[in-house]
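Working notes, structure below.
The values are calculated or read from the model by the stated rules, or taken from the named source; none is laboratory data. Since this is a predicted model, take the numbers as computed values, not measurements. Cβ atoms come from the backbone with ideal geometry, glycine included; neighbour counts cover every protein chain shown.
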Amino acid sequence: MHCDSVTGFLLNGAVFHVFMDGLCGTFGYGGQLATDYHKLDSRFAHGDPYIKIVTGCELFVYTPLCFLAYRAIVRGLPSRAPLVIITSVCHLFGLVVFAGGEIIQGCAHIPASEPVGPPCGAGIKWPPTENQFTYFWFGFVICNIPWVVVPIRLILGAYNDIVATAGKAKSA
């Protein structure tokens, strides 16, 4: 496993799952950051069930998985590749529920002063206004891209590690 995935699991578990989505988003701790979090996605402020499900999974499932994957990678444990795959699949599922719920609701919780939907993105002007760029294109589209790309890259890398290990065991 690469050094960036080691650091990524540690930061993801502690910073994104526990602090940002958990404490700031769900529980409103963190002062201005929590206020901005609730502004960026009003589902946090309204206690939306999609958000409660995702953040509950983040706090009680994804965080421990991130820490277990971090530990397994650092110690070179045989469980590292399966943990990376399981954790990454969980992150992809979380994105589907998080972003999918917003898309189903017509992007109603994206705080653009000009409408962005429904359907999601249908009200976007081109070029987009600063508000639409900030909240829809950056906050919703661009910021969610790593939640697709990184888990897929990690799953493929872990799969290749499993195949290589199986190949070595078979030839031995």
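Since ILE110 meets every condition but one in (1) crowded, with 20+ Cβ neighbours inside 10 Å; (2) at pLDDT 95 or above, which condition does it not meet?
The number of the failed condition is (2).
Among (1) surrounded by 17 or more Cβ atoms within 10 Å (Cβ to Cβ); (2) closer than 21 Å to VAL149 by Cα, there is one condition THR26 misses while meeting the rest; what is its number?
Condition not satisfied by THR26: (2).
Only residues that are among the basic types (Lys, Arg) and either under 20 Å from ASN12 (Cα atoms) or touching a Ser or Thr at 6+ places or on another chain (Cβ under 8 Å) (or both): list them for the range 22-54, please.
Answer for the range 22-54, where residues must be among the basic types (Lys, Arg) and either under 20 Å from ASN12 (Cα atoms) or touching a Ser or Thr at 6+ places or on another chain (Cβ under 8 Å) (or both): just LYS52.
Can you name every residue in the range 47-56 that is touching a residue at least 40 places away in the same chain (Cβ under 8 Å) and either surrounded by 19 or more Cβ atoms within 10 Å (Cβ to Cβ) or not hydrophobic (A, V, I, L, M, F, W, C) (or both)? Write out each step before concluding.
First, pick out the residues of the range 47-56 that are touching a residue at least 40 places away in the same chain (Cβ under 8 Å): 48, 50-51, 53-54.
Once the filter is applied, which keeps residues that are touching a residue at least 40 places away in the same chain (Cβ under 8 Å) and either surrounded by 19 or more Cβ atoms within 10 Å (Cβ to Cβ) or not hydrophobic (A, V, I, L, M, F, W, C) (or both), the range 47-56 yields ASP48, TYR50, ILE51, VAL54.
Condition (residue is touching a Lys or Arg at 6+ places or on another chain (Cβ under 9 Å), closer than 18 Å to TYR37 by Cα and in a helix (DSSP H, G or I)) applied to the range 104-127: is it met by at least one residue?
No, because not a single residue in the range 104-127 is touching a Lys or Arg at 6+ places or on another chain (Cβ under 9 Å), closer than 18 Å to TYR37 by Cα and in a helix (DSSP H, G or I).
Of VAL89, VAL84, VAL97, which residue is at pLDDT below 90, closer than 24 Å to ILE142 by Cα and among the aliphatic types (A, V, I, L, M)? Please lay out each step first, then the result.
On the way: VAL89 fails: at pLDDT below 90; VAL84 fails: at pLDDT below 90.
Matching residue, one of VAL89, VAL84, VAL97: VAL97.
Under 9 Å by Cβ, and 6 or more places apart or on different chains, what pairs join a residue from the range 86-111 that is among the aliphatic types (A, V, I, L, M) with one that is at pLDDT below 85 and surrounded by fewer than 16 Cβ atoms within 10 Å (Cβ to Cβ)?
Note: pairs meeting the criteria are ILE103/PRO119; ALA108/SER42; ALA108/PRO118; ILE110/SER42.
Condition first: of a type in the set (Ser, Thr, Tyr) and exposed (fewer than 15 other Cβ atoms within 10 Å of the Cβ). Now tell me which residues in the range 62-99 satisfy that.
If we filter the range 62-99 for residues that are of a type in the set (Ser, Thr, Tyr), which is where we start, we get 62-63, 70, 79, 87-88.
Correct list: SER79 only.
Does THR35 count as surrounded by fewer than 18 Cβ atoms within 10 Å (Cβ to Cβ) and at pLDDT below 90? Break it down into steps so the answer makes sense when it comes.
Working: surrounded by fewer than 18 Cβ atoms within 10 Å (Cβ to Cβ): yes; at pLDDT below 90: yes.
When the stated conditions are applied, THR35 passes them.
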